[in-house]
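As structure tokens, the structure follows; a few thoughts come after it.
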Amino acid sequence: MAVKRLLPALVLAVWFFALAWLIRDDHFQLFLKPDFKWLIYTGMIISLVLTAGLISKGISRMPVPKHAWIKGLILLLPIGFIFSAGENTLGEYALSKRVMVIPGAAETPLNPTITSPAPTPVENKVSETTNQEENQSPAPVSISTLIREFDRFNGMPVQVEGMFAETIDGHDELSAVFRYFITCCAADAQPVGVFIPRPEKSELKSDDWVRVSGRVAMRQMDGYDIIYMDLEHIEAAEKPGKNAAYIFN
């Protein structure tokens, strides 16, 4: 009975330590934009104050809430999600449920229905070229820079890194390299990136972190402008950090 009386304080204490874990090594960035870190600190302070207040009343004098265990488990469910997520991000599954958009133009989806000729599949190697310009190493560019300053790179060979989506729903000839653009938190994250022809003879799988290079151009797909890369090379790359899949505006 004493444990049951103390259950509200125990739940709040668990929340305090869960929020502390989120702040440690910036784990919260898996779910939340860095600008909103203060929300985590606020939650910690509230949890600590309420826990101390409940304990100060004394276990013997604390009322026994009705259905206390059920309510306690419900309040702890989000913590189970936080820790089970580990180092994972939204991943390719979420990409299949959300259209790729250009930040600042969410009303314009990047619809992968091709109205131009279908891309030619490429092998997982650098294609042979005879032109000196084509043989030069492409410039490494972040996906966010490529999108925001596309006029600088239109028609040029570039190199980008991001998460790999092996197929696009309904368009098996296409793949994508993308990251997630976050305005506030993971709930509003939108995938942004480039479409590429699906690589052949590749051991890469969805959600791998990859490095791709090729010439980029704006294409029309089902009446919408999208960034398309004539893929020349694709390779696995080491993911730079647990929150690398996110772009914070």
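The table that follows gives values for the structure above.
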read-out: Condition broken by Ala187, with the remaining ones in (1) closer than 30 Å to Ile82 by Cβ; (2) modelled with pLDDT under 90; (3) touching a helix residue (DSSP H, G or I) at 6+ places or on another chain (Cβ under 9 Å) satisfied; value: (3)
read-out: Filter result for Lys239 (touching a residue at least 40 places away in the same chain (Cβ under 8 Å) and either part of a loop (DSSP other than H, G, I, E, B) or surrounded by fewer than 17 Cβ atoms within 10 Å (Cβ to Cβ) (or both)); value: no
read-out: Leading residue by the ranking (nearest to His27 (Cα to Cα)) among those in region 170-199 that are among the aliphatic types (A, V, I, L, M) and in a strand (DSSP E or B); value: Ile182
read-out: Of all residues making up region 207-226, the number that are at pLDDT below 90 and more than 15 Å from Tyr180 (Cα to Cα); value: 9
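The values are calculated or read from the model by the stated rules, or taken from the named source; none is laboratory data. Treat the numbers as computed from the prediction; the structure is a model and nothing was measured. Glycine gets a Cβ as well: all are built from the backbone with ideal geometry, and neighbour counts include every protein chain shown.
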